[in-house]
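Here is the structure we will look at, set down as structure tokens.
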């Protein structure tokens, strides 16, 4: 059994750690409230932009445009949003596991990393980190999203990559944060307009497409999509719309990721504080038992000494 001194020293150490986790929980709670309000304000525009672009593609049908047609390159650009700090439970590892298990060939993937934790974890798994924008996640701005969008779109237009994906943690509520992987480009019309909301709910892109396919095979009457006219012509319109579409989705993902990070850290620190409380209670019990045993031993020695003197 550990000595009273060792038990007391460990109890003091855990109490110090508990004070830190309590403080971190309070800080995360305050940050979460601000990030949550910001995410809720942007969610409507975020989802509307996603639905609108897919509605345009569905109504227009096939067109010869690089943003819609398949590209020759097999390489894929994946924008991965994680955090710069740890102590957030499985927030970062869940995103990395999702990207690694998505079926994308890591030899043909260029990672645009936003967040040091995801960057380091993906690098250790053999992914190529093409660009690091980790500083963006500290205080996301729409100008940051536009800069990243311009960068990946330039690579896309040049034919260096054939697909553009976005991996982030969607914010559903304070305790529910959903790792999400969505395909940004090329835009296809497989998703029924109105089915998706930019990945902010608990359904994956595969689920959305499966839902669309099951609806098409049902007895429900098909909705007739009217032709869409463009002014100016469709190529010029898409050249203006698609960059805004990509920028908006990246910005929305950044905002939701920040809210999810603070929510995950708040939960992790709350669990750590509760665990510390349990450990302190266990150590107090051990300390009292050790103290009682020490007192009993001293009394036994005193009584034994007194009997020896009287005999």
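The numbers here are math on the coordinates, done by the rules we state, and not lab data. Note that the coordinates shown come from a computational prediction; the quantities given were computed from them, not determined experimentally. Note that each Cβ is placed from the backbone with ideal geometry, even for glycine, and that neighbours are counted across all protein chains shown.
Report summary: the helix-based calculation at 222 nm, which adds -39500 (n - 2.57) for every DSSP H run with n ≥ 4 and divides by the residues of the chain, gives -21000 deg cm²/dmol. Going by neighbour counts of Cβ atoms within 10 Å, the residues 30, 175 line up, fewest first, as 175, 30.
Relative to the longest principal axis of the Cα atoms of the chain, the long axis of helix 4-60 makes an angle of roughly 10 degrees.
Between the alpha-carbon centres of the range 9-80 and the range 280-308 there is a gap of 58 Å. Between helix 234-310 and the chain there is an angle of about 10 degrees, using the helix long axis and the longest principal axis of the Cα atoms.
When each of 3, 271, 73 is scored by the number of other beta-carbon atoms lying within 10 Å, the sequence from fewest to most is 3, 271, 73. Dividing the mean sequence gap of close Cα pairs (under 8 Å, 6+ apart) by how many residues the chain holds gives a relative contact order of 31 percent. For the range 35-136, the square roots of the Cα gyration tensor eigenvalues, ordered a ≥ b ≥ c, give a/c of at least 1.5 with a/b no greater than b/c, which places it in the oblate category.
The range 112-132 and the range 247-275 have Cα centres spaced 19 Å apart.
Each DSSP beta bridge with both residues in the chain is either parallel or antiparallel, and the antiparallel ones are about 40%. Among 6, 105, sorting on how many other beta-carbon atoms sit within 10 Å of each Cβ, with the fewest leading, yields 105, 6.
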